[in-house]
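Working notes for the structure below.
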DNA sequence: ATGGTGGGATCCCCA
């Protein structure tokens, strides 16, 4: 079972790349973030024609998430029940017996800004939501753009980014708090020192210099991590013309 | 040097 997470930064622009990914990689589940369209504008028909189900939670201009799957998504839920939020950031469903949570965590903009306070409060609510999810489901996969660099090994210049947004200690503590609920950071299950960057800023030619960060993650419950086989970063898709600033990231679970 | 790039909106916001 291949599951992919991808911040597309506008489904309207990235739809051809998504269709190619579905055809070429034939994933079982894809979680999209930043679709940047209203739910009704999401390209359900094109995805259905490729043999997939799709559910989405969108809004005008910003944010928005979607789940695409070979098998029918069951018990679809949108948003956090414990946090009133106009921003569409969470969609979850049970697919082929796996509870899949697809998330777009707030960026936070800058440490000590209003958006940073929103990010930390939002992560508190997300923590509670995942605790409830683990209480209800055995096999849980949380995927998405977490907008958090877990450790200094996940950023091209740790000293430059020390205490900055995406790397600040409170953000890292929130990420560790999620893991402490009973999740594994899937890309680090098999010990590797590879940075495994998933995002490169459009500015200053950072992709060409490989100045990236690992901010897109999979969190696996114990039952899910027992099935972990391998991971893959689709860096070649970040290298295409007119790319998203995020690469798709995949994990493969034993069937 | 107070910028860089790209998306979506509208005459700027967000990442």
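Structural descriptor for chain A: relative contact order 19 percent, calculated from alpha carbon pairs under 8 angstrom and at least 6 residues apart.
In summary, the convex hull built on the alpha carbon positions of the range A:1-97 has an orientation-averaged projected area of 5.9 nm². Per-residue ellipticity at 222 nm from helix content only, as computed over chain A with -39500 (n - 2.57) for each DSSP H run of at least four residues, stands at -7500 deg cm²/dmol.
In terms of other Cβ atoms within 10 Å, A:133, A:48 run from fewest to most in the order A:48, A:133.
The equivalent ellipsoid that matches the C-alpha gyration tensor of the range A:54-118 spans semi-axes of 26, 12, 10 angstrom, in descending order. Shown for A:219, A:32: other C-beta atoms within 10 Å of each C-beta, ranked fewest to most, produce the order A:219, A:32. Using the Stokes-Einstein relation with a Kirkwood hydrodynamic radius computed over Cα pairs, the translational diffusion coefficient of chain A at 20 °C and a viscosity of 1.002 mPa s comes to 118 µm²/s. In terms of overall dimensions, the C-alpha atoms belonging to the range A:179-255 reach 41, 25, 20 Å along their principal axes, ordered largest to smallest.
How do A:64-74, A:36-46, A:178-188 rank on mean C-beta neighbours within 10 Å, highest first? Each step should come with its number before you reach the end.
Details: A:64-74: 20.7, A:36-46: 15.7, A:178-188: 17.9.
Sorting A:64-74, A:36-46, A:178-188 by mean packing, highest first, produces A:64-74, A:178-188, A:36-46.
Say R0 is 30 Å: what FRET efficiency, to the nearest 0.05, do residue A:208 and residue A:230 get from their beta-carbon distance? Could the numbers behind the result be given before it?
On the way: r = 27 Å, r/R0 = 0.90.
Calculated value: 0.65.
Could you calculate the FRET efficiency of residue A:19 with residue A:201 from 1/(1 + (r/R0)^6), where r is the beta carbon distance between them and R0 is 30 Å, rounded to 0.05? Could the numbers behind the result be given before it?
Details: r = 26 Å, r/R0 = 0.87.
Efficiency for this residue pair is about 0.70.
For the peptides A:81-94, A:4-17, the ranking by packing is A:4-17, A:81-94, with the highest mean count of neighbouring Cβ atoms within 10 Å listed first.
Every number here is computed from the coordinates shown, using simple stated rules; none is lab data. This structure is a prediction, so every number in the text was calculated from the model and none was measured. Backbone-built Cβ (ideal geometry, glycine too); neighbour counts: all protein chains shown.
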